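Structure first, then comments.
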Amino acid sequence: MSDWSEATALVRGGLSRSPFDETAEALYLTSGYVYSSAEEAEAAFKGERDRYIYSRYGNPTVSMFEERLRILEGAEACMATASGMAAVYASLASIVKAGDRVVASRALFGSCHVILTEILPRMGVETELVDGVSLAAWERALTPNTRAVFLETPSNPGLEIIDLGSVCEMAHAVGATVIIDNIFASPVLQKPLEFGADVVVYSATKHIDGQGRTLGGAVLGTSDYISGTLMPFLRHTGPSLSPFNAWVLLKGMETLSLRVNAMCDSAEHLAGVLEEHPSLSRMRHPGHSSHPQFALAQKQMKRGGTILTFTVRGEGDAAKTNAFAVMNALALCDISNNVGDSKSLVTHPATTTHRRISPEARAAVGITDGMIRLSVGLEDVEDIAQDLVQALDTL
Ligand SMILES: *Cc1c(COP(=O)(O)O)cnc(C)c1O
């Protein structure tokens, strides 16, 4: 099993058949489990017998999902969560205490920004956000009391690329644990553990489901971290993944690599189309040579990813008006804040996902009023291109 290729592991990894020998992964919709004797229950609670006790602690369908993702990531251990934000929060909250310091990149998903700038500080954790692309900024911020480093690369929605190897090295020099939000890249395109990261978090809601059906999340890392630090936190705070959602995510993983690669093909083609459109002042995709960190993206990622951004021309209020006009003129691409879906989705980050962040903080990470984020779906790429061009031509 360990020498299976990634494609095989995505279809068969973690499969654990019941005595009925079903082909597809079994869906164990059960909250609890029964014991053959009172002694067995006692032994299970003492930890002397390794078995399922309660689905907040573990469930066979959830375990299959965790194992499949663990194999794909190449991690020692994995725990699933109810959503990506539960994964992000637990990965941090399980290791910090009052007085600790966390350093994070400034270009963060909106809710991650709230955790770092509002929730953790309220608990006495000192946090500092830095310009993630500047290694000098990391160097300055990484003081010896830094307990954890948190970053996403590529970032949502600015698609900044952060040097994983260098930041991990600097963070480890001060004894900090490095947590990477790998949601935009997906485990198919980037493996942060290979660059020295300690912990990887996912929103399985995005590419792993990839078909707009369920929320889900996961945290991966060493057995020590997962069983020693994270597991007690998750078991007792309770953001467990529903077995039904785990089953949906297992089926999503079977086609994950096929979908992500097909979406990358289309994103690369669309980057070329958008780059030349006169209504746009900027197009950004990590797989396009115009990206400011193109070389770094090539080093860290197998491909540039499924998401790109483009910025319509216009000053002041006109930028937002023009961006809205383009979005409203789209006939195929839907307006929705999800990403990694089989349907092409556009969003206006400044007024939706990143609305809670101050205009100054938005400007610092390149989220302008003219910027539109496109998550490229699985439709025919010529249909997507035609839709985008006709909408942009209305300006
Ligand atoms: C969507 C997303 C999350 C949160 O995941 P949910 O499943 O919605 O809770 C966190 N980080 C990034 C970068 C995301 O895109």
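Key figures for this structure:
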quantity	calculated
Failed criterion for residue 37 (all others in (1) more than 34 Å from the chain's Cα centre (by Cα); (2) under 30 Å from residue 192 (Cβ atoms) hold)	(2)
Residue count, the stretch 293-306 (criterion: in contact (Cβ under 8 Å) with a residue 60 or more places away in the chain and farther than 13 Å from residue 270 by Cβ)	7
Criterion: more than 16 Å from the chain's Cα centre (by Cα), closer than 28 Å to residue 311 by Cα, away from the ligand (no atom under 16 Å from the Cβ) and crowded, with 24+ Cβ neighbours inside 10 Å - qualifying residue of 285, 269	285
Output for the stretch 346-370, where each listed residue is within 18 Å of residue 284 (Cβ to Cβ) and over 21 Å from the mean Cα position of the chain (by Cα)	363, 364, 368, 369, 370
Any hit, the stretch 102-118, residues being within 22 Å of residue 224 (Cβ to Cβ), within 12 Å of the ligand (Cβ to nearest atom) and outside the structural domain of residue 339 (by TED's automatic domain parsing)	no
Unmet criterion (only one of (1) among the small types (Gly, Ala, Ser); (2) away from the ligand (no atom under 15 Å from the Cβ); (3) farther than 25 Å from residue 124 by Cα) for residue 94	(3)
2 or more residues at pLDDT 95 or above and closer than 24 Å to residue 269 by Cα: qualifying helices (runs of 4 or more DSSP H) within the stretch 316-395	317-329, 381-393
Selected residue (only one of 209, 224, 198 is within 11 Å of the ligand (Cβ to nearest atom) and not small (Gly, Ala, Ser))	209
Residue ranges of helices (runs of 4 or more DSSP H) in the stretch 1-81 with at least 2 members of a type in the set (Ser, Thr, Tyr) and open to solvent by less than 60 Å² (accessible area, probe 1.4 Å)	60-73
Candidate set: the stretch 50-77, residues that are hydroxyl-bearing (Ser, Thr, Tyr) and more than 17 Å from residue 245 (Cβ to Cβ); chosen: the one nearest to the ligand (Cβ to nearest atom)	54
Boolean, residue 80 is more than 16 Å from the ligand (Cβ to nearest atom) and touching a residue at least 40 places away in the same chain (Cβ under 8 Å)	no
Residue, farthest from the ligand (Cβ to nearest atom), within the stretch 312-339, restricted to residues that are among the β-branched types (Val, Ile, Thr) and open to solvent by 20 Å² or more (accessible area, probe 1.4 Å)	321
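The values are calculated or read from the model by the stated rules, or taken from the named source; none is laboratory data. These numbers come from a predicted model, not from an experiment. Every residue, glycine as well, gets a Cβ built from its backbone with ideal geometry; the counts of neighbours run over all protein chains shown. With ligands, DNA and RNA removed, areas are computed over all heavy atoms of the protein, side chains included. Shrake-Rupley method; radii C 1.70, N 1.55, O 1.52, S 1.80 Å.
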